[in-house]
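These notes are about the structure you will find just below.
The values are calculated or read from the model by the stated rules, or taken from the named source; none is laboratory data. Only a predicted model underlies this, so the values are computations on that prediction, with no experimental measurement involved. Every residue, glycine as well, gets a Cβ built from its backbone with ideal geometry; the counts of neighbours run over all protein chains shown. What goes into the accessible areas is simple: the full protein's heavy atoms, side chains included, and nothing from ligands, DNA or RNA. Shrake-Rupley method; radii C 1.70, N 1.55, O 1.52, S 1.80 Å.
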Amino acid sequence: MRKALRWLLALTVLIGTLGSAATAGAATAAEPRATAGTDIKDRLLAVPGMSLIEEKPYPGYRYFVLNYTQPVDHRHPGGGTFQQRITVLHKDTARPTVFYTGGYNVSTTPSRREPTQIVDGNQVSMEYRFFTPSRPDPADWSKLDIWQAASDQHRIFQALKKIYSKNWISTGGSKGGMTATYYERFYPSDMDGVVAYVAPNDVVNDEDSAYDRFFAGVGTKECRDRLNAVQREALVRREPLEKKYADYAAAEGFTFDTIGGLDRAYEAVVLDYVWGFWQYSLLSDCATIPANAATATDDEIWTSVDTISGFSFYTDQGLSPYTPYYYQAGTQLGAPTIHFPAIEKQYVRYGYQPPRNFVPRDIAMKFQPRAMRDVDTWVKNNAHHMLFVYGQNDPWGAERFRLGKGAKDSYVFTAPGLNHGANVAGLVADQKALATARILAWAGVAPTAVSQARPLAKFDAKLDVRDVEREPALRP
């Protein structure tokens, strides 16, 4: 396998070298510049519909938080608009650009995603529609779907391509990786490459046995037993721990109208526990789990569950920021359902609850089973310049994107031992070199840089913070 990967690396580097019609200059430490005589802020603000929220300084870059006017419905652009937040980390218009979305709110703190570091380029980041403040008012929830969101990206790309004319690569982690994939499906001519991290692919919503198989074998038996025992014990001790939960909710002003009561919320948090551990923790973190759940105190059980799952999440206040995600999970994306063989049936009252339970009832929802099947079929038959990276111990990778015979210059790699924060840097050496080389080639950088297969920008401890796309458990 290693020999084959070396051969493939050499071949793909050659293809990238021959196929790059336009190449950007080598990485430079020079201060960012714009077109001669025109400040980059002026160029950005000259884009119709673009307005400045604020500019934040960062050494070697210009960083802008902006609003961009988008139609609520791209099929009927005259029917109303909303302001969508984006950020621009500007280095140089002569460098490639990475288009990033996390699929949720956009951070307004300067940061650089892994592909941006690899290509030493600019980065445009987009807030996903309907996540506040990028929400139409009034909110027509029927206009929140993967095509409308992809069309948001398409318009932003069209507007900024005139400024950033070199190659573009889209990227995102988790729901952002899904978003980058859907964007490619609907607008395959926009990007020169796609790097999708830990992107779930729930093709058939009602068939989730892959997750049960994952939890039966992930990590070690000792770790699985510890986690299962704490989860079970939290349900066995439901009465005293729910009293603690009620006191906590009263002190914090939390309510439970959306999910339908404290009891439902309590079980939802507890059932997230094992999933949440593997999503965000490493095997070495098993040492932090109570070794003997039966003899652990109530406070020890509570603290372990709260640390991993978060007792605040299924409150109205915790759910509200994620209403757009749950709406999409219940209308197009799908949601996992798993079983709990280590817990007797009498202790599980509700099981994994559907997304409908996490969205206010005045928002209508109807599931569209063809949406994910369409994307999955397209990726298998049409993927071009696409890289999918998964973590070996990440539950969301149990149902993943796979490539078919129609895929070209596309790859699916798994980082050993890693979780929902898996990245190119965590791949085995041959795959890391191949992935890096392909990203550089897709970005159109100089052939000599592609052949070296190393990130062009030096690591920046503040700018390159690896945040593991942190969301509460069961949110990709």
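Things worth noting here:
- Filtered residue count, the stretch 407-452, keeping only those that are out of contact with any Gly (no Cβ under 9 Å at 6 or more places or on another chain), modelled with pLDDT under 95 and open to solvent by 20 Å² or more (accessible area, probe 1.4 Å): 3
- Selection status of Phe214, part of a helix (DSSP H, G or I) and surrounded by 16 or more Cβ atoms within 10 Å (Cβ to Cβ): yes
- Of everything in the stretch 180-209 that is assigned to a helix (DSSP H, G or I) and among the hydrophobic types (A, V, I, L, M, F, W, C), the residue that is surrounded by the most Cβ atoms within 10 Å (Cβ to Cβ) is Ala180.
- Scanning the stretch 348-367 for residues that are under 17 Å from Asn201 (Cα atoms) and touching a residue at least 40 places away in the same chain (Cβ under 8 Å) yields a single hit, Phe367.
- Scan of the stretch 334-361 for residues that are open to solvent by 10 Å² or more (accessible area, probe 1.4 Å) and among the aliphatic types (A, V, I, L, M), ordered by number: Ala335, Ile338, Ala342, Ile343, Val348
- All conditions in (1) under 23 Å from Val198 (Cα atoms); (2) touching a residue at least 60 places away in the same chain (Cβ under 8 Å); (3) touching a Gly at 6+ places or on another chain (Cβ under 9 Å) hold for Tyr273, with the sole exception of (3).
- All conditions in (1) open to solvent by 60 Å² or more (accessible area, probe 1.4 Å); (2) at pLDDT 95 or above; (3) not aliphatic (A, V, I, L, M) hold for Thr23, with the sole exception of (2).
- Among residues of the stretch 57-92, those that are open to solvent by 20 Å² or more (accessible area, probe 1.4 Å) and polar (S, T, N, Q), counted: 4
- Per this entry, Trp396 is counted among residues that are of a type outside the set (S, T, N, Q), at pLDDT 95 or above, within 30 Å of Phe313 (Cβ to Cβ) and in contact with a His (Cβ under 8 Å, 6 or more places away or on another chain).
- Subset of the stretch 92-106 (residues that are under 28 Å from Thr38 (Cβ atoms) and not in a strand (DSSP E or B)): Thr93, Ala94, Arg95, Pro96, Thr101, Val106
- Helices (runs of 4 or more DSSP H) completely within the stretch 360-476 that count 1 or more residues being under 30 Å from Ala139 (Cβ atoms): 370-382
- Note on the stretch 284-327: among residues that are among the acidic types (Asp, Glu) and open to solvent by 70 Å² or more (accessible area, probe 1.4 Å), the one that is nearest to Tyr273 (Cα to Cα) is Glu300.
- Residue tally, condition part of a strand (DSSP E or B), closer than 18 Å to Asp464 by Cα and in contact (Cβ under 8 Å) with a residue 40 or more places away in the chain, over the stretch 66-91: 2
- One residue stands out among those in the stretch 121-140 that are open to solvent by less than 10 Å² (accessible area, probe 1.4 Å) and farther than 18 Å from Phe157 by Cα: the one that is nearest to the chain's Cα centre (by Cα), which is Phe131.
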